[in-house]
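Everything below concerns the one structure shown next.
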Amino acid sequence: MKTTRSQIAVSVLCFLIAFALLAAGVWGMFTRQQAGTFDTLNKMRSYSVMAAAHQPLIKEMELEAGRAAYAKASEEGMSRKQATEFMNEEKARARQENVERLHPGFASTSPGFESAILALDTELKAYYDALHTE
């Protein structure tokens, strides 16, 4: 069987692609062991845990601001549409303020980090137990 130049070129090209993929895999495994990668993953975990822990708190503050705004609008004699618009504006403002105020606490060194993780773990355990009983 005779090999042509096109067959040799295709085989060399396949070899080079395989070699490049192997080199990329080795480089990827090496970068996963770097301290910077672990630090980035730790920051991502901290942010996700604290964001999940803060969401109910932010929602509660937003609802409280909405209730207060609706009461104020009712006292001032606004129409229902005006009261609803005022309430929605106040809820959006309160949400933005609380997100900005609580955002600096999204770190593993923040005081509530450990308690937030334990609270989420307790919630997850309850959900998993409920799933297993069904």
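The values are calculated or read from the model by the stated rules, or taken from the named source; none is laboratory data. The shown structure was predicted, so the numbers you read here are calculated from the model rather than taken from an experiment. Cβ coordinates were reconstructed from backbone atoms using ideal geometry, including for glycine residues, and neighbour counts include every protein chain displayed.
General remarks:
- Close pairs from region 85-98: first closer than 11 Å to Glu64 by Cα, partner modelled with pLDDT under 90 and among the β-branched types (Val, Ile, Thr), Cβ under 8 Å, at least 6 apart: Arg95/Ile58
- Considering the conditions (1) in a helix (DSSP H, G or I); (2) assigned by TED's automatic domain parsing to the domain that holds Asp121; (3) free of Cβ contacts under 8 Å to residues at least 40 places away in the same chain, Met78 is excluded by exactly one of them, (1).
- For region 106-113, the criterion of being at pLDDT 80 or above and either exposed (fewer than 12 other Cβ atoms within 10 Å of the Cβ) or among the small types (Gly, Ala, Ser) (or both) is satisfied by no residue at all.
- Among the residues of region 38-56, not a single one is within 30 Å of Glu123 (Cα to Cα), part of a helix (DSSP H, G or I) and modelled with pLDDT of 90 or more.
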